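The values are calculated or read from the model by the stated rules, or taken from the named source; none is laboratory data. Given the structure is predicted, the values throughout are model-derived calculations rather than measurements. Note that each Cβ is placed from the backbone with ideal geometry, even for glycine, and that neighbours are counted across all protein chains shown. The area values use the complete protein model at the heavy-atom level, side chains included, leaving out ligands, DNA and RNA. Shrake-Rupley method; radii C 1.70, N 1.55, O 1.52, S 1.80 Å.
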Amino acid sequence: MGTHQNTDSKTIQIQRSNLGRALVLHPVLRGVETARSPEASLEEAVGLAAAIALEVVQAAVVKVSQPRPATLLGGGAIEQYATLIDEAREAGEDIDLVIVDHLLTPVQQRNLERAFGAKVIDRTGLILEIFGARARTHEGQLQVELASLTYQKSRLVRSWTHLERQRGGFGFLGGPGESQLELDRRLIGNRIVRIKRELDDVRRTRGLHRKARAKVPYPVVALVGYTNAGKSTLFNRMAGADVFAKDLLFATLDPTMRQVVLPSGRKVILSDTVGFISDLPTHLVAAFRATLEEVQSADIILHVRDIAHPDTEAQKADVEAILADLGIDPERDPRVVEVSNKIDLLAGAERDAVLARAGRDGNACALSAATGERLDTLFRILDGRMTAGRELVELDVEHGDGATLAWLYAHGEVVERRDDDSHAHLHVAIEPATLARLGHPGQGHAAA
């Protein structure tokens, strides 16, 4: 298919995929400043479409001088792309879907569908479709369904066809059917109430799990970052795990936890979380709050950045904005460690500058999760954080109290030990909060 171009839009050709044919449009509104270039935003939108195996046959940046309440896009742009869709249909290469990388009102979405003669979804609908395809656990599916229903509740317009479905996910891209059209606000509202109750149970269960971990205790290290920053690759590298990791937006969705042993022998729980993205719908953040509570309660938060990405600073700002919404101040919270990932993609002065900046900041490091380069630096930082609050204490433990001796060796650093006939006299470097747990049932007792 040829490339269409005029003075109001910039267009690029896209590689073919294997499921569904889509046109991606990224509107640029006059007078609205953004941190990213229009081309970078368009590329991200194409990546989102590729994440659910859509064949993006064409993508374009569309300049909008005056947003129209009825369609958002101007008449010239609508006519241009309606013609493109008609020509594709005549050639037997139907464009099944138009993705508008912007928030659309219900009226705008309906009118664009009529004008294009094809299904239309906005950025929120696309993200929800990806999440619906990615969720594997019961908790993840509940959270996505809650976000989806909240989004749909205000969009029950019976003349719409994009709410029809006969397939998985959440129906934005599905075929003909009646199940969504038969839903009304009351039914959706009832379902939302039930899901929220189930998610409350999830939160209580997670709280119990956190309390159980606190008794062990293993500190929790949570990975956060922009989607495709390399969190899952770093998770696999650190934990020796096999979590699905691919150069794909939202490659993983459900949180995963693994035990990791640091070089010092100290054990931590590593938690991989859902990736963030710009313009993430607020109701989606709210729906995933049960998962994000793992971040709020973490002992250390690793903010993983794709330092080689041209929009790395804008991505950082997006992640920090969501962290702030969770009550975490990235600039002042001592738990936050910035991890500049993908240094293997940098060279020369740019690479040297990243390494030097990380070297000057005790709360940052630079590495390559893909190759493992400088991973030892991150482990040293984590070990330092784990031991920073330790105090040297003297403890006398009876020889017969093997459980307490084993507990002290597992949770502290035995600097010196002297044995007599009845007791082991220990000098142990240990955090006061950890030491306070000594004496819980099953953990034995020691005399200072």
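Pairs meeting the criteria (first residue in the range 10-36 and over 23 Å from residue 314 (Cβ atoms) and outside any strand (DSSP E or B), second residue at pLDDT 50 or above and of a type in the set (Asp, Glu), beta carbons under 9 Å, at least 6 apart or on different chains) are 15/55; 16/55; 17/55; 18/55.
The condition (being in contact with a strand residue (DSSP E or B) (Cβ under 6 Å, 6 or more places away or on another chain) and within 14 Å of residue 21 (Cα to Cα)) is satisfied by just one residue among 85, 95: 95. For the range 190-216, the set of residues classified as at pLDDT 85 or above and open to solvent by less than 60 Å² (accessible area, probe 1.4 Å) consists of 192, 195, listed by residue number. Within the range 411-431, identify whether any single residue is touching a residue at least 60 places away in the same chain (Cβ under 8 Å) and either more than 39 Å from the chain's Cα centre (by Cα) or open to solvent by 60 Å² or more (accessible area, probe 1.4 Å) (or both), and answer yes or no. Looking for residues that are touching a residue at least 60 places away in the same chain (Cβ under 8 Å) and either more than 39 Å from the chain's Cα centre (by Cα) or open to solvent by 60 Å² or more (accessible area, probe 1.4 Å) (or both), one finds at least one in the range 411-431, hence yes.
Do we find a residue being in a helix (DSSP H, G or I) and modelled with pLDDT of 90 or more anywhere in the range 430-440? For the range 430-440, residues in a helix (DSSP H, G or I) and modelled with pLDDT of 90 or more: absent. The conditions of being at pLDDT below 65 and open to solvent by 20 Å² or more (accessible area, probe 1.4 Å) are met by residue 173. For beta carbons closer than 8 Å, sequence separation of 6+ or different chains, a first residue in the range 371-382 that is part of a loop (DSSP other than H, G, I, E, B) and a second that is of a type in the set (Gly, Ala, Ser) and open to solvent by less than 20 Å² (accessible area, probe 1.4 Å), the qualifying pairs are 374/366; 374/368. The set of residues in the range 52-76 being surrounded by fewer than 21 Cβ atoms within 10 Å (Cβ to Cβ) and in contact (Cβ under 8 Å) with a residue 60 or more places away in the chain consists of 74, 76. Considering the conditions (1) at pLDDT below 95; (2) surrounded by 14 or more Cβ atoms within 10 Å (Cβ to Cβ), residue 81 is excluded by exactly one of them, (1).
Only residues that are surrounded by fewer than 18 Cβ atoms within 10 Å (Cβ to Cβ), of a type in the set (A, V, I, L, M) and touching a Pro at 6+ places or on another chain (Cβ under 9 Å) were counted in the range 91-129, giving 2. The condition (being outside any strand (DSSP E or B), touching a Lys or Arg at 6+ places or on another chain (Cβ under 7 Å), modelled with pLDDT of 95 or more and open to solvent by less than 50 Å² (accessible area, probe 1.4 Å)) is satisfied by just one residue among 340, 368: 368.
Would you mention how many residues in the range 383-400 are of a type in the set (Val, Ile, Thr), surrounded by fewer than 19 Cβ atoms within 10 Å (Cβ to Cβ) and free of Cβ contacts under 8 Å to residues at least 60 places away in the same chain? Within the range 383-400, residues that are of a type in the set (Val, Ile, Thr), surrounded by fewer than 19 Cβ atoms within 10 Å (Cβ to Cβ) and free of Cβ contacts under 8 Å to residues at least 60 places away in the same chain number 1. Remark: residue 324 falls outside the filter, which requires a residue to be more than 19 Å from the chain's Cα centre (by Cα), open to solvent by less than 70 Å² (accessible area, probe 1.4 Å) and aliphatic (A, V, I, L, M). Taken together, the residues in the range 348-365 that are of a type in the set (Asp, Glu) and in a helix (DSSP H, G or I) amount to 2.
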